[in-house]
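Only one structure is covered here, and it is reproduced in the block below.
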Amino acid sequence: MTEKGPTPLERFINGILPENPVYRQVLGMCPTLAVTNGMKAAMTMAGAVAFVLVCANILTSLIRNLLKPHLRILVFTLTIATFVTVADRIIAAYMYDMSKQLGPYIPLIIVNCIIICRCEVCASKQNVLTAATDALGQSLGFALALASIASVREILGSGSWFGIEVMPAGWPDWVVMVLPPGAFLTLGLLLGAANWIGELAARRRTTQGVA
């Protein structure tokens, strides 16, 4: 099962901004909203997703010629679940407090639409190099999205970044930003900004093409 498409480098670049999983594809909303009240939790989640996505994409690509159409989603899910279990146990062993803070959201990576989507769209049809670079690009794009949302929420809501105080002592913390409403508000504003920038870039390319 092979399919022509973007090169490995194009897959990598597309995953960062043009096909950003959060701002362009609007996938992975559960962790995006749930764990972005602080940078430490957001980056731990991003790292766990990156590990699972890269491993799942590589393994799926390796067995792509053995996949049966009616069983492929089951195989994807079992593959992802295996690596999620590994990530969950590693975090619990070496980052116990963070594991308790993230709670069920690490196991829920199993049903993260970003990973299942990349297994279906890319890894099950492309070679290992393409699948790996696609996973790396999507992982970096997801990490950048989580970092941008978490930065806004933590700085405005707690006056800190990665737990380090960055705002003046008199800064009045916007408590709402570290609560669920702050997640929706921040995501909506940044998503709107991303779409606006994308439209401006598209118009500029169109104008240049006409000229």
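The values are calculated or read from the model by the stated rules, or taken from the named source; none is laboratory data. What you see is a predicted model; the values in this text were computed from it and never measured. Every residue, glycine as well, gets a Cβ built from its backbone with ideal geometry; the counts of neighbours run over all protein chains shown. We work out accessible area using only protein heavy atoms, side chains counted, and drop any ligands, DNA or RNA first. Shrake-Rupley method; radii C 1.70, N 1.55, O 1.52, S 1.80 Å.
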*Can you name the number of the only condition in (1) assigned to a helix (DSSP H, G or I); (2) open to solvent by 30 Å² or more (accessible area, probe 1.4 Å); (3) over 26 Å from A194 (Cα atoms); (4) not basic (K, R) that T130 fails?*
(2)
*Consider A211 against the criteria (1) modelled with pLDDT under 85; (2) buried (at least 16 other Cβ atoms within 10 Å of the Cβ); (3) of a type outside the set (K, R): it satisfies all of them except one. Which criterion is unmet?*
(2)
*Here are G141, G157: which of them is in a helix (DSSP H, G or I) and in contact with a Pro (Cβ under 8 Å, 6 or more places away or on another chain)?*
G141
_Complete set of residues in region 118-127 that are among the basic types (K, R) and not in a helix (DSSP H, G or I)_ = K125
_Please go through (1) closer than 17 Å to P6 by Cβ; (2) hydrophobic (A, V, I, L, M, F, W, C); (3) at pLDDT below 95; (4) open to solvent by 50 Å² or more (accessible area, probe 1.4 Å) for L136 and return the number of the only condition it doesn't satisfy._
(3)
*Out of the residues in region 91-117 that are open to solvent by less than 10 Å² (accessible area, probe 1.4 Å) and assigned to a helix (DSSP H, G or I), which is nearest to C30 (Cα to Cα)?*
I109
*Please work out which one of (1) at pLDDT 90 or above; (2) more than 18 Å from T130 (Cα to Cα); (3) not basic (K, R) is the condition I58 fails and give its number.*
(2)
